[in-house]
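In what follows, a structure is listed as C-alpha cells, so that the remarks can point back to it.
What follows draws every value from the coordinates through simple rules; no lab data is involved. Since the model is a prediction, treat every value here as computed from it, not as a measurement. Here the Cβ is made from the backbone with ideal geometry for all residues, glycine too, and neighbour counts use every protein chain on show.
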Amino acid sequence: MINASDCSSPLHPTEHKIGKTFAYCLFLAVSLVGNSLIGIIVYKTQTLRKPINYFIVNMAMSDLLFPIFFFPWRLTALYMNSWLISGPLGQALCKLVPFLADMSSAVSIQSLVLIAVDRFGAVVFPLRSPLISSKLCPFYIAATWIVAMAVFSPYLFVRKLVEKPGRLACESRWNEAFGESSSRADYSLALHVVFFYVPIAFLTLLYSIIVIKLKTQKIPGEQSNNAEQQRAKRTRNVLKLAIAIVVGFVLCWVPYSIISLLFLFECDAGLPSDILLYLSITYFMAGSNCAINPCICFAFSGSYRQGLKRLLKCFNAV
C-alpha cells in the first residue's frame with residue numbers, strides 16, 4: 001500500500017530534502033521512543049493489562065517496524081538514485097523493506113478493528129461476558145500478523161534488485177513473477193478496499209452505535225453508586241482514546257490511499273505535477289502515523305501518563 005506505485009517521483013530541491021530529512025528523523029525518534037514506551041508501560045502496569053491495551057501495544061509494535069525499515073529507505077531515496085546494497089543481502093532487503101513496511105499498516109488497521117469490537121461489547125453488552133477475552137488476545141494478535149504476512153507475500157516474489165547503467169534499482173516485476181494475465185493494479189485496489197475502506201466503514205458503524213448507546217444511557221446521578229459513576233467515566237475516557245487513534249489513522253492514511261490509487265491507474269498516461277506534489281505530501285502524512293499514535297495515547301489517557309511518570313521516576317532513581 002505504501003508502495004502503490006513505481007512511477008517516477010518528482011525531483012527534490014535541496015530545501016525540500018533538508019526539510020524532509022529533519023521531519024523523517026524527528027518521526028523516527030518519536031516513533032521509536034514513543035511506541036517502545038507504550039509497550040513497556042503496559043507490561044509494567046497491572047491495571048493496563050486488558051484487551052484494548054494489548055491491541056494498542058500490538059499497533060505500537062507494528063509501528064516500530066515502519067520507522068525502522070521505511071524511514072531509512074525514504075531518506076536514502078532522497079539523496080541517492082541507487083539501491084546501496086548489492087548481492088544476496090541487497091536482494092533480501094529489496095523484498096523485505098516494502099513487505100515489512102506495508103505489513104505494519106495492515107496489522108494496525110486490524111488492531112483498530114479489534115479495539116472497536118472490544119469497545120462495542122463493553123458498552124453495548126456490558127452485562128455479558130467480553131466479546132474478546134484476555135485469554136484470546138494472543139490468538140487475535142497472532143492472527144493480525146499472519147493475515148498481514150499472507151496478504152503481502154506477493155512482494156517477496158515481485159520485488160527484484162535490477163542492475164541498470166551506473167546504479168541498482170529495487171523494482172516491482174509483477175508480470176514477470178505472476179504472468180501477463182495478472183494485474184498489479186487490481187491487487188493494489190483490492191488491498192486498499194479490504195484494508196482501508198471496508199474497515200473504516202465498519203469502524204464508523206461500530207463507533208456510531210457506541211456513541212448513540214452512551215448518549216441514551218442514564219447518567220448516574222449524585223445518589224447513584226460512586227463505583228458506577230467511576231466505571232461510566234472510565235468507559236468514556238477509553239472510548240475517546242480509541243476514537244482518537246482511529247481518527248489519526250484515517251487522517252494520515254486515507255488521503256494517501258486515494259491519491260496513490262489515482263497515481264497507480266494513471267501512471268502510464270502521465271500525471272500533472274500537482275498530482276505528484278499531492279502524492280508526495282500524502283506519502284509523508286501516511287509515514288507520520290507511527291509517530292502520532294503514541295502521542296495520542298499519552299494525550300488522551302491518564303493511565304498512560306501516570307505509567308510514563310512512574311517509568312521516568314524509575315529511570316531517575318537508577
Could you sort 175-183, 280-288 so that the peptide with the highest average Cβ count within 10 Å comes first and the rest follow in order?
280-288, 175-183
At a Förster distance of 51 Å, what's the computed FRET efficiency of V162 paired with I209, Cβ-Cβ distance as r, to 0.05?
0.55
For a 24 Å ceiling on Cα separation, which of these pairs sit above it: K233/K313; K213/K233; K95/K164; K44/K215; K95/K135?
K233/K313; K44/K215; K95/K135
Roughly how many debye, to the nearest 20, is the charge dipole of the range 44-129 about its Cα centre, given +1 on each Lys and Arg Cβ, -1 on each Asp and Glu Cβ, and no other charges?
300 debye
7 Å from Cα along Cα→Cβ at both R128 and L96: what's the point-to-point distance in nm?
4.4 nm
Name the residue from L239, V250, L261 whose Cα lies farthest towards the positive end of the charge dipole of the range 14-317, charges +1 on Cβ of Lys and Arg and -1 on Cβ of Asp and Glu.
L239
Cα-centre dipole for the range 14-317 with unit charges at Cβ (Lys and Arg positive, Asp and Glu negative), debye to 20
1560 debye
Note the direction-averaged projected area, equal to a quarter of the hull surface, for the Cα convex hull of the range 1-152, in nm².
11.4 nm²
Cα axis of helix 198-216 to longest principal axis of the chain: angle in degrees, 0 to 90, nearest 10?
20 degrees
Quick calc, the range 60-197, dipole around Cα centre from Cβ unit charges on Lys, Arg (+) and Asp, Glu (-), nearest 20 debye, gives 160 debye
Label zone at T45 (point 7 Å along Cα-to-Cβ), backbone N below 15 Å, the range 282-317:
294-314
May I ask you to compute the full-extension gain from R231 to I18, defined as 0.36 nm times their residue separation minus their alpha-carbon distance, rounded to one decimal in nm?
71.8 nm
Dipole of the chain [Lys/Arg +1, Asp/Glu -1 at C-beta], most positive-end residue of L48, I85, I292
L48
